[in-house]
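To start, the structure itself, in structure tokens.
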Amino acid sequence: MFVWIGFLALVTVFLALDLGVFNRNPHKINTKEALRWTALWSTVSVLFSVFIYFAYERHWFGIGDTIGLPSSGWDAALTYLTGYIVELSLSLDNVFVIAVIFGYFHIPQKYQHRVLFWGIIGAVLFRGLMIGAGAILVEQFDWIMYVFGAILLYTAYKMLKTGEEEIHPEQNPVVLQLRKILPVTKSIRREHFFVKWKGKTIAMTPLFVALVVVETTDIMFAFDSIPAIFSITKDPFIVFTSNIFAILGLRSLYFVLASMLDKFQYVKYSLVIILTFVGLKMLVLHPLHIVLPEWVSLGFIVLVLGGGILYSMWRDSKEVGS
């Protein structure tokens, strides 16, 4: 229990410093600043694998005994990194969707960080609940792995067939219900989510409505990403930590990629291959009790994702040069 509390406290400190110190005043985050934050979050996320190694190797705080699953430090660290990269790569889809949502509600760039910050907090809470439920299901029902595998293969097929996610913020059922309860202002009221309407009634601002859409959309993506991470490991501690670090890095990654999404159009096919890979692991290798070495899964995922990024950049440079 101590290690769970410690990890959540660490995440809380990071978020408090982010909003309360470094981004206390709303401002437009340029690419240079976003790259610095992306590098920081990536470094922290990778360094956490060092903690994973020693914690599982030496059984700190009961890890590998009463917390998590028995594993060598090396295997645990590779599993964590594999899960982190898978979750981060699947987050690339979120970047496109968030850009669509911000564009639809005309959210100024200097307020986008605030929406993403609170969206991340909601995502951490909800994914924690989903991971807890998933861990219980995996522990109690072995056949749930086949359900997860089928979900991933269907997601890969849908991504390949339809391409970009179709998002219709105005049709979001949660937003439609909220509009029946509270009015919505026609314009942004600085960084406020709620304001007084005609001096009395509380009204939502477009900033809060955008937050609701981002939050509910993330829930939709979670139904894809949670099965993906369980295909890599059933260890709830590694599942949770790798997932949360990927989410924490999503905000800065958004500001890096949002302006150049069209340059990475072929990464979609990398995500299709990755989803198919982890889905087949569940549906084919799991019943045969075949376990791939962790370095094989990690190497394959890195190779496929890196190949998609490099090919996209190459094709973009050819189109610009022609």
Please report THR31, THR241 as a ranked list, fewest other C-beta atoms within 10 angstrom at the top and most at the bottom. THR31, THR241
Compute the FRET efficiency between PHE7 and ASN30 as 1/(1 + (r/R0)^6), taking r as their Cβ-Cβ distance and R0 = 30 Å, and round to the nearest 0.05. 0.45
Order of TYR80, TYR53, TYR111, TYR154 - criterion: other Cβ atoms within 10 Å of each residue's Cβ, fewest first: TYR154, TYR53, TYR111, TYR80
Given only helices, namely DSSP H runs of n ≥ 4 each adding -39500 (n - 2.57), what is the per-residue ellipticity at 222 nm of the chain, to the nearest 500 deg cm²/dmol? -24000 deg cm²/dmol
Ascending count of other beta-carbon atoms within 10 Å, so fewest first, for ILE229, ILE121: ILE121, ILE229
Kyte-Doolittle cut-off 0.0, length cut-off 15 Å along the helix's own axis using Cα: show which whole DSSP H helices in the chain pass. 2-17, 31-58, 73-104, 109-140, 144-162, 206-230, 236-248, 267-280, 294-321
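To the nearest 20 debye, what is the magnitude of the charge dipole of the stretch 174-237 about its Cα centre, counting +1 on the Cβ of each Lys and Arg and -1 on the Cβ of each Asp and Glu?
Result for the stretch 174-237 is approximately 720 debye, rounded to the nearest 20.
Read the figures in this text as sums done on the coordinates, not as results from a lab. This one's a predicted model, so the numbers in the text were calculated from it and none came from an experiment. Note that each Cβ is placed from the backbone with ideal geometry, even for glycine, and that neighbours are counted across all protein chains shown.
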